[in-house]
Structure formats: structure tokens, C-alpha cells
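Engineer: Pasting in a structure now, in C-alpha cells, and then I'll have a few things to ask.
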Amino acid sequence: MILGFKVLVVGSGAQGRVVAYLFDKDEDVELVKLSDIDRKALDYCARFYKKAETYLVSASDTDEVSKLAEDVDVLVNAVPTEFNLNLMRVALKAGTNYLDMALEYRDFEKVLALNERFQEEDLTALLALGCSPGVTDVVTALAADELDTVNEVKIVGASYVDSDIPYTNWAPRIFLDDCTRPPMIYEDGEIKYLKPFAEPEVVEFPGVGKVTVYAHPHEEVLTISKAIKGVKRVSMKMGVSMMDFFRTLYAMGILYENAMITEKKVKVDDVEVDPAEVIAKFLPKPITGEQFKEYVEKGIIRQATGTLVVKVYGIKNGRESVIESSFDLPPIMEIIDAVPLANDVSYPVSLPAYVAARMIADGSIKSRGVLIPEELTREERIEFLRRIGAFKPPIKVKTTTTTYLN
């Protein structure tokens, strides 16, 4: 095991600041570097760190990021996915390992094409390792190990918010972009695209209750269909805060497909406006840190939680079987007491990223090359789940198997 390792976190947003905080608290970490283009955000985060250093550097400035990465053991990418490909090249240039938490769909094949170069340099580049995607992929791969054949993978996620103020976990433009992109499914050997908010379904979630979920664009459809041989269908559905509201706006024509990358002007009296831009302007921004804790303690935000369920359908010993994994995410008060920079989404995404990056740095992940989470070895996947389940506060995964008599 390598102790006294060093890490670079690029991006001090909702996830990056939490990943940096977890490394900062880790006694085996010698140095944490946190970079961003927002000095105000860096200064705010620095108040919570003991050994982390902050750097005013843009993720697009590959030369400067390369200099920061030269002496670290792993680079954690916590900026928008448009930077993924360049930051992977930075990691190669600096001779360091790499991890991100989401995919840039249009660059997926280009990213995978770097596999041989990372292998030649004896480096690991682990893609899309957060909670979803990330933990969802790991439990899917472990379930697939138990089955003789896999027919279908179905992932559903939901959130529950009880608040006196409008509340969302994501940056407004990213949230709207996510909800209005055509969702993907894998079926009949190919990726297919649906209309936004397609295939509505009411699902009963443990700890959350009944929630309407909709087909949603997410990385798991790409990664699971690539990694799990013979799978016939892969789908992802979500039902999170404000999604029903967005669906109503979509049905009215106020929101539209690819709303954040397609301009659609309407005339209001004598003024032309893009309704999606107007909505994005008025959507609440994510609340983190001291403000979030204050709202919780005052009872303004009484609950904010979420859950995920992964169902893997297949055949075992000639019988139809379903392996179901449900996620037990920590209560919001436990999160903000342990990690004051976090909220109910940034912590469940950041903890798996921190654990996986640490496993790369300390030698527990020995797989080399460009990897999606499913491609970790079975031993690496099991150890990863053990660590996120043992952390305080933990992310626990409960798995049950149902086998049907023929």
C-alpha cells in the first residue's frame, strides 16, 4: 500500500469540494490540490480544509493543469463532462491516474480509444464512477456474475423533498439539459432514443414511497450494454424533484427537446424570448454548505433524500431469476454533520468517487487502462462496496435474489 499519496481535484463545484474534503480528512493523504476558475468558490472551500491547497486554474488550460498534475497519484475530474477528454490527455501527459463521475456521450468512443496508452503507461483511468452512474454499474456487474445469462437491467431512481422553498440538487442549466435530452434505452442490440419523459411508471421506493418515474438519459445504458454480454434490454428511469413540473411544461410546449442546446424563440407582446432560458433563469440553484445546514436546522428544509433500485433479470440453473439491489443513502442530517460542504446529492456522488480514487492511489485497484466500473475485477468491485458501506456516513446496498419455479 502506498501511503502519503497526493491527489488533484479539478473543479470546486458541488462534487469537487466534497471529494477534496474527504481527501483532506484522510490521514494517509499527504497533499490535496483543488483547482477552479472561481476564486470566491475556492476561498469558501478553503475555510473547511486543513491541508488542501487551492489553485486558480481553468480546466481548459491544459498546460497549467498538467503542471498541477505532475506530482500527484490521481487526478479527479469534477468539472462538466465536456472537459473529460482533455483532462484524460492531461493525466497521460503528467503520468498520473484519472477518475471522473460522468460521461460525455459524444466522446465516449474517443475516450475508450485511449485504453492502450493508459495501459502502456501502467495507469488507470476509471470512468463514470459516482453513485449513478458508478455504484449502479458495480452492483449490476456483481449481479451478472451470479447469473448464467442476463436478459434485462432496469434501474429506477427517485428523490423526496419536504421544503418550504423551491429546491433542486443540480445547476439549473444542467438539470434542464438532462430532463429535455432524448432518453436512451438499449434494445434489440442497439441504442434507441425516446421522447423526453417517455414511459412513465409509478414505482414504490423504500423510504420514499410512490413516485412517477420517466425514461431518463443516463450513462448506465451505454456502459452496461457494452460490458454485460448478451443483455437484451437496459433502461434507466428517474423521478426527482421538479421533474413532474418540467413534464407539464414540456406537454404545454414551453419546454422542448434539447432545450439547452436548441434555441426556440416565442413572441410575448413585442419581445422575443426563449422560454427554456427564462425557466433556467428562475430555477433555484443548489444549496450547499452552511446555508444548507442552516435551512435544515431551522426546519425550512425538513427532508431531502433519494434512493436507487437496480433489477437484473436473467436465468440461473435454467430458472428465471431477479437480483434486486436497493440503495440505503444516509439521512441529510448525518451528511451535513459529517461533511459540511455536502448536500443530499453531492455526498452520495462524491463518496464513491473518493473511495475509488483512493483505491487507485493505494493500490487496491490494480486494473489498468481505460475502464468503466463494470470492468473492475470482481474482487475490486466487492472491496469498493465494502468501503462505501463502512464509511461514516455509509452508502449501503441491500441485495435480494428471487428465483421462479418453471
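The values are calculated or read from the model by the stated rules, or taken from the named source; none is laboratory data. The structure displayed is predicted, hence computed values, not measured ones. Using ideal geometry, Cβ is built from the backbone for each residue, glycine included, and neighbour counts are taken over all protein chains shown.
Here's the yes/no breakdown for (1) over 19 Å from the mean Cα position of the chain (by Cα); (2) modelled with pLDDT of 95 or more; (3) among the acidic types (Asp, Glu):
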| site | (1), (2), (3) |
| --- | --- |
| Asp162 | yes, no, yes |
| Pro217 | no, no, no |
| Arg233 | yes, yes, no |
| Asp244 | yes, no, yes |
| Ala251 | yes, no, no |
| Met260 | yes, no, no |
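Engineer: Does Tyr256 satisfy the criteria of being part of a helix (DSSP H, G or I), in contact (Cβ under 8 Å) with a residue 60 or more places away in the chain and not charged (D, E, K, R)?
Structural biologist: no
Engineer: Here's something else I'd like to know. Is it the case that some residue within region 47-58 is surrounded by fewer than 22 Cβ atoms within 10 Å (Cβ to Cβ) and part of a helix (DSSP H, G or I)?
Structural biologist: No; the residues of region 47-58 include none that is surrounded by fewer than 22 Cβ atoms within 10 Å (Cβ to Cβ) and part of a helix (DSSP H, G or I).
This table checks each residue for (1) surrounded by 14 or more Cβ atoms within 10 Å (Cβ to Cβ); (2) in contact (Cβ under 8 Å) with a residue 40 or more places away in the chain; (3) farther than 19 Å from Ala171 by Cα; (4) within 21 Å of the chain's Cα centre (by Cα).
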{"position": "Phe292", "(1), (2), (3), (4)": "yes, yes, no, yes"}
{"position": "Val296", "(1), (2), (3), (4)": "yes, yes, yes, no"}
{"position": "Arg302", "(1), (2), (3), (4)": "no, yes, yes, no"}
{"position": "Leu308", "(1), (2), (3), (4)": "yes, yes, yes, yes"}
{"position": "Phe327", "(1), (2), (3), (4)": "yes, yes, yes, yes"}
{"position": "Ala342", "(1), (2), (3), (4)": "yes, yes, no, yes"}
{"position": "Tyr347", "(1), (2), (3), (4)": "yes, yes, no, yes"}
{"position": "Ala353", "(1), (2), (3), (4)": "yes, yes, yes, yes"}
{"position": "Ala361", "(1), (2), (3), (4)": "yes, yes, yes, yes"}
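Engineer: Considering only region 86-98, I want to know if a residue exists there that is of a type outside the set (Gly, Ala, Ser) and either in the same structural domain as Ser225 (by TED's automatic domain parsing) or part of a strand (DSSP E or B) (or both).
Structural biologist: Yes, the conditions are met somewhere in region 86-98.
Engineer: Let me ask something additional. Based on what the data block shows, is Leu8 surrounded by fewer than 24 Cβ atoms within 10 Å (Cβ to Cβ) and not in a loop (DSSP other than H, G, I, E, B)?
Structural biologist: no
Engineer: Anything in region 262-286 that is under 24 Å from Val213 (Cα atoms) and assigned to a loop (DSSP other than H, G, I, E, B)? List them, or say none.
Structural biologist: Leu283, Pro284, Lys285, Pro286, listed by residue number.
Engineer: Here is a further query. Say we look at region 376-392 and pick out the residues that are in contact (Cβ under 8 Å) with a residue 60 or more places away in the chain and surrounded by fewer than 19 Cβ atoms within 10 Å (Cβ to Cβ); which of these is farthest from Gly130 (Cα to Cα)?
Structural biologist: Step by step, filter region 376-392, then rank; the result is Arg378.
Engineer: Additional query: Is region 129-144 home to any residue that is crowded, with 16+ Cβ neighbours inside 10 Å and within 21 Å of Leu34 (Cα to Cα)?
Structural biologist: yes
Engineer: Moving on to the next point. Looking only at region 226-239, which residues are surrounded by fewer than 21 Cβ atoms within 10 Å (Cβ to Cβ) and either in contact with a Leu (Cβ under 7 Å, 6 or more places away or on another chain) or outside any strand (DSSP E or B) (or both)? Step through it out loud before you land on a result.
Structural biologist: So the first thing to find is which residues in region 226-239 are surrounded by fewer than 21 Cβ atoms within 10 Å (Cβ to Cβ), and the list is 226-227, 229-230, 232-233.
Lys226, Ala227, Lys229, Gly230, Lys232, listed by residue number.
Engineer: Within region 101-112, how many residues are touching a residue at least 12 places away in the same chain (Cβ under 8 Å) and either touching a strand residue (DSSP E or B) at 6+ places or on another chain (Cβ under 8 Å) or assigned to a helix (DSSP H, G or I) (or both)? Talk me through it step by step, then tell me what you get.
Structural biologist: Just the residues of region 101-112 that are touching a residue at least 12 places away in the same chain (Cβ under 8 Å), to begin with: 101-105, 107-108, 110-112.
This time we only want the ones that are either touching a strand residue (DSSP E or B) at 6+ places or on another chain (Cβ under 8 Å) or assigned to a helix (DSSP H, G or I) (or both), so: 101-102, 105, 107-108, 110-112.
So the count comes out to 8.
Engineer: Right, next: Just wondering, is there one or more residues in region 307-316 that are assigned by TED's automatic domain parsing to the domain that holds Gly95, of a type in the set (Phe, Trp, Tyr) and at pLDDT 90 or above?
Structural biologist: Checking region 307-316: not a single residue is assigned by TED's automatic domain parsing to the domain that holds Gly95, of a type in the set (Phe, Trp, Tyr) and at pLDDT 90 or above.
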